[in-house]
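The next block holds one structure in the form of structure tokens; read it before the comments.
The values are calculated or read from the model by the stated rules, or taken from the named source; none is laboratory data. Everything numeric here is computed off the predicted structure, so don't read it as measured data. Using ideal geometry, Cβ is built from the backbone for each residue, glycine included, and neighbour counts are taken over all protein chains shown. Note: accessible area is taken over every heavy atom of the protein model, side chains too, but ligands, DNA and RNA are not part of it. Shrake-Rupley method; radii C 1.70, N 1.55, O 1.52, S 1.80 Å.
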Amino acid sequence: MGRLENIYEGEWSTVSLTATALGLTVRERFERFKVEAMSELVLRLAGGLMVAGSTLLWLVLPLGAGADQLVSHSLLATLFTATGLVVYAYGTRGFRRQLSLDAKRGTLSLTKINMNDQGRVVRSIRLNEIESLFLRRPAGRAGFASLYVRVAGQDSPLLALTGSTAELERIHEDLCDVIQTSGTDVQQGAGQAAGRFSRGLLSA
């Protein structure tokens, strides 16, 4: 796949791009999200403490506790456990975005990644369902551009990545390159999508 055979680690400041045998994977760099990472850590600890606290409730239960006390402790312990699990799940939902192109299957996957690099797939899109990729540039010099995917039949585009304008423009070129050079590995519908990508970068 030409220049996509290399791993662009050193050249990128806001995103990282890795070529794979089936396409490419792009993710927002961890260094940009230190505050979000700290928030995730706090939420994880809070959730874990709540679950642990539900167990400790039984240790403070008096030996001669009656039925009413048992019921109240049981309900309180259940509440602590449920709340702790919800908080923990919310804390591990992910704060970085990742875009993965699988040219073999003809799919584009949007994923959220947490601080442990564990991902949750937000959306998997067939290439023949994609109407366009386009950039929304920052209003001023500061800030990051956003790369969106417009899917057929949906009014609102999907946010795929954020990063510097120059880097996201290169990402778009790489996506086009992979789709167009995938040849027979991409299904016919994906090939039609590649034709739409080849018309160039759209911006808003």
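For region 104-157, which residues satisfy the criterion of being farther than 20 Å from I171 by Cα and either polar (S, T, N, Q) or modelled with pLDDT of 90 or more (or both)?
N114, N116, Q118, Q154, S156
Restricting the first residue to region 85-102 and requiring it to be touching a residue at least 24 places away in the same chain (Cβ under 8 Å), which pairs with a second residue that is of a type in the set (A, V, I, L, M) and open to solvent by 30 Å² or more (accessible area, probe 1.4 Å) meet a Cβ separation below 6 Å and a spacing of at least six or different chains?
The qualifying pairs are V87/L43; V87/A46; G91/L43; D102/L22.
Restricting the search to region 33-45, which residues are crowded, with 16+ Cβ neighbours inside 10 Å and either free of Cβ contacts under 8 Å to residues at least 40 places away in the same chain or over 17 Å from Q98 (Cα atoms) (or both)?
Of everything in region 33-45, those that are crowded, with 16+ Cβ neighbours inside 10 Å and either free of Cβ contacts under 8 Å to residues at least 40 places away in the same chain or over 17 Å from Q98 (Cα atoms) (or both) turn out to be E40, L43, R44.
As an exercise: evaluate G84 against (1) open to solvent by 70 Å² or more (accessible area, probe 1.4 Å); (2) within 26 Å of K34 (Cβ to Cβ); (3) not β-branched (V, I, T) and give the number of the one condition it does not meet.
Unmet for G84, out of (1) open to solvent by 70 Å² or more (accessible area, probe 1.4 Å); (2) within 26 Å of K34 (Cβ to Cβ); (3) not β-branched (V, I, T): (1).
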